[in-house]
Amino acid sequence: MGLKQKARLYSPWVFHAHCSGCNGCGIEIAAALNPRYDPERIGVTLHNNPRHADIMLVEGIVAKQHVPFLKRTYDQMPTPKAVVAIGSCAITGGVFKPDDDKGPSYTQGGPVDRIIPVDVYVPGCPPKPEAIIDGVIKAAIILSKRE
Amino acid sequence: MAVYLPIWQIIIICFALPAVGFFLGVLFQSLIRKLTARFQGRRGPWYIVPKSLRPVVGSTRILQPFWDIMKLMYKQTLIPSTAQRKIFISAPFAASTSLIIAIWFIPIIGISPFGPFEFSLIITLYLMLIVPLTIVASGAASSSPWGAIGSYREVILTLAYEIPFILGIFSTAMLTGILTPVYGGVPLIPGSLSLTDIVNFQASHSISFFGFKIPAFFILLNPFAAAAILMSLIGKLKIKPMDIPDAEVEVIAGAYTEYTGKLLGVYEIAKILLLFISLTLFIDMYLGGALVTVNYLGVPSFIWSGIVFGVEIVILILIISVVNAANARFRIDQAFTWYMKIPLILSLIGLVWPYIMVSLAGAGVSIGINIV
């Protein structure tokens, strides 16, 4: 493993994008960053600035009004970057999933991977903090293999 | 007389010394992160990773600040189209370069490439003052509202902590001049502004502290100035109660908000060098520069100096980590008021304390510290 790969794997800085979720996943992300699970052990630190971040944690169905802001935040991150979709809503739409008879919810801007490329999916409603940390490590491994 | 090294050795030292300073600064920063985490009930960067995780996350994270910087060096660098391009790009390099130059003038365990340089204290103070100036300039040049707020806070904080810092430094530099006639030297020489002289003075004179004969540490001869300097260093290093300019939940990252990739990495290098320089300056000024001149137990004196340097650094980092973990953040007006109250008054007491101490000793009053 070269210096570049090692450096990217060893210090993933995360950014928490809250895209019209119910805050359940947000609380679990906060729990994952708490002293009990302390991800600073492996170099993960929370930066509330997309310019400094490597990995974006997205939660929630992305409401239609939220779509341009998520795109813009994603574009503000410098490459290489990775996206982790956290929770059922971010992956499929969850309870807001399109129904065959009635069509999608009128507020839904779509699951996250219709708007920006997603690298890691962490399922659960909400997912456990261990799962979130595992997803961040998997994203860091993906990140380290990027060009 | 001063002994000057040959030119090629000076060039080698000029390149090697900043590298050594950077490496030690990374270790200090890592220790601060670890100790702060432990005081907060966390683990901090793992120094020994459990065996089952080693294939995934590596075996140790002692050099975590170094990996952060390397990661930033391999990232894309974005420059906002509305930024003042020249200032935005040159500011981090100005900060790092001035600190690299400052390392040349600070004796580390008594070693300084330029020998006993005359005004090294003044040069170091000016070079350390360039860093807040570049932060102010870069925040204003980034054309980000968060950067502007960060710059404004940085200006106020710098004005607040520089006054006690400079007063404390000079009241300590005066000690060499005031104490020389007391030790029976040439009377009435002014205080030396050379850090090498200050270190050598402390190593070559001794005091009796409650009966124990120890080197003339200036932290015992002028404790008020030392306390004021330590409080100012907390503002200089943006330790917790004073991390107002880059408070992450108030102003996103302050002046660093628009910085990405390599430019941010250069700023991180500057932060680490500033940590190293500040702690080394404090040790040089107040803790005898960690200079041991006697070969105890047959071990060469520079090894003893290294051990003493390490112990003193760990004590300083412990104090800084406790302060970092135990305090919440001040508002900017509270920070200004606090600096104008406690450290400024302490440094003003420190300014007259040497004269009081010498006259007390002349009158035969015992204050626990006697000049031998």
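State the antiparallel share, in %, of DSSP beta bridges confined to the stretch A:3-145, rounding to the nearest 5. Mind dumping the intermediate values first?
Details: 2 of 17 bridges.
Just about 10 percent of them are antiparallel.
Just subtract the alpha-carbon distance of B:Asn327 and B:Ala19 from 0.36 nm times their residue separation and send over the number in nm, one decimal.
Numbers: separation 308, 0.36 × 308 = 110.88 nm, distance 3.25 nm.
Using 0.36 nm per residue and subtracting the Cα-Cα distance, I get 107.6 nm.
Hey, if you put +1 on the Cβ of every Lys and Arg and -1 on every Asp and Glu Cβ in the protein assembly as shown, which of A:Ala82, B:Phe212, B:Leu31 ends up farthest toward the positive end of that dipole?
A:Ala82
How much FRET efficiency would the formula 1/(1 + (r/R0)^6) give for B:Leu220 and B:Ile342, where r is the Cβ-Cβ distance and R0 is 25 Å, rounded to 0.05? Could the numbers behind the result be given before it?
Details: r = 21 Å, r/R0 = 0.82.
With R0 = 25 Å, the Cβ-Cβ based efficiency is 0.75.
Determine the shape class of chain A: with a ≥ b ≥ c the square roots of the Cα gyration tensor eigenvalues, call it rounded for a/c under 1.5, and otherwise prolate if a/b is greater than b/c, oblate otherwise. Working shown, then result.
Values: a/c = 2.08, a/b = 1.59, b/c = 1.31.
Prolate shape, in that a/c is at least 1.5 and a/b is the bigger ratio.
Using 7 Å Cα-to-Cβ label points, what is the B:Phe209/B:Ile7 separation (nm, one decimal)?
Calculated label separation equals 4.5 nm.
Using a 10 Å cut-off around each Cβ, can you sort B:Tyr152, B:Tyr286 from fewest to most neighbouring Cβ atoms?
B:Tyr152, B:Tyr286
With charges set only on the Cβ (+1 for Lys and Arg, -1 for Asp and Glu), what does the dipole of the protein assembly as shown come to about its Cα centre, in debye to the nearest 20?
Values: 39 positive and 28 negative charges, 185 e Å.
Dipole magnitude for the protein assembly as shown comes out near 880 debye.
Number of Lys pairs in chain B with C-alpha atoms less than 24 angstrom apart, excluding same-chain neighbours closer than eight positions?
23
Based on the alpha-carbon gyration tensor of the stretch B:7-371 and its eigenvalue square roots a ≥ b ≥ c, which shape applies: rounded if a/c is under 1.5, prolate if not and a/b is larger than b/c, or oblate? Don't jump to the answer; show the numbers that get you there.
Details: a/c = 1.75, a/b = 1.48, b/c = 1.18.
Taking the square roots of the gyration eigenvalues as a ≥ b ≥ c, the stretch B:7-371 is prolate.
Quick check on the stretch A:64-147: what are the equivalent-ellipsoid semi-axes from the Cα gyration tensor, as sqrt(5λ), descending, whole Å?
Computed over the stretch A:64-147, the values are 25, 17, 9 Å.
For chain B, take the longest principal axis of its alpha carbons; what is the angle in degrees between that and the long axis of helix B:301-326, to the nearest 10 within 0 to 90?
60 degrees
Where nothing but the Cβ of Lys and Arg (+1) and of Asp and Glu (-1) is charged, how large is the charge dipole of the stretch B:39-121 around its Cα centre, in debye to the nearest 20? Please list the in-between numbers first.
Numbers: 9 positive and 2 negative charges, 122 e Å.
Approximately 580 debye in magnitude.
Treat the count of other C-beta atoms within 10 Å as a stand-in for reagent exposure and order B:Thr124, A:Thr107 from fewest to most.
On the way: B:Thr124 24, A:Thr107 13.
Ordered from fewest to most neighbouring Cβ atoms within 10 Å, B:Thr124, A:Thr107 come out as A:Thr107, B:Thr124.
What is the distance, in nm, between label points placed 7 Å from the Cα along the Cα-to-Cβ direction at A:Arg114 and at B:Thr82?
It works out to 3.2 nm between the two label points.
In degrees between 0 and 90, to the nearest 10, how far off the longest principal axis of chain B does helix B:120-141 point, with axes built from Cα atoms?
With both axes taken from Cα atoms, the answer is about 20 degrees.
Give the average, rounded to an integer, of partner chain Cβ atoms located within 10 angstrom of each Cβ in A:5-17. Before the final figure, lay out each step's value.
Details: counts 1, 4, 10, 5, 5, 11, 11, 1, 3, 0, 0, 0, 0.
That average works out to 4.
Taking the Cα-to-Cβ direction at B:Leu360 and at B:Gln334 and moving 7 Å from each Cα, how far apart do the two end points lie in nm?
Each label point is offset 7 Å from its Cα along the Cβ direction, giving 3.4 nm.
Given only helices, namely DSSP H runs of n ≥ 4 each adding -39500 (n - 2.57), what is the per-residue ellipticity at 222 nm of chain B, to the nearest 500 deg cm²/dmol? Walk me through the intermediate numbers first.
On the way: 12 runs with 240 residues, N = 372.
The per-residue figure over chain B is -22000 deg cm²/dmol.
Measure nothing fancy, just the Cα-based angle from helix B:85-105's long axis to the longest principal axis of chain B, in degrees from 0 to 90, nearest 10.
Once rounded, the angle reads 30 degrees.
Given the rule -39500 (n - 2.57) for each run of at least 4 DSSP H residues, summed and divided by the residues of chain A, what is its mean residue ellipticity at 222 nm, to the nearest 500 deg cm²/dmol? All intermediate terms of the calculation are to be shown ahead of the outcome.
Numbers: 5 runs with 48 residues, N = 147.
Here the helix-only value at 222 nm equals -9500 deg cm²/dmol.
Classify the protein assembly as shown from the C-alpha gyration tensor, please: rounded if a/c falls under 1.5, else prolate or oblate depending on whether a/b exceeds b/c.
Working: a/c = 2.37, a/b = 2.21, b/c = 1.07.
The shape class here is prolate.
With +1 on each Lys and Arg Cβ and -1 on each Asp and Glu Cβ, and nothing else charged, work out how big the dipole of chain B is about its Cα centre, in Debye to the nearest 20.
Details: 22 positive and 14 negative charges, 245 e Å.
Roughly 1180 debye for chain B.
Before anything else, pin down the relative contact order of the stretch B:7-371: Cα pairs under 8 Å, at least 6 apart, normalised by residue count, whole percent. Don't skip to the end; give the middle numbers.
Working: 577 pairs, mean separation 93.8, N = 365.
This gives 26 percent for the stretch B:7-371.
Bear in mind these aren't lab numbers, they're just calculated from the coordinates by the rules spelled out. Treat the numbers as computed from the prediction; the structure is a model and nothing was measured. With ideal geometry, Cβ positions are generated from the backbone for all residues, glycine too; neighbour counts draw on all protein chains shown.
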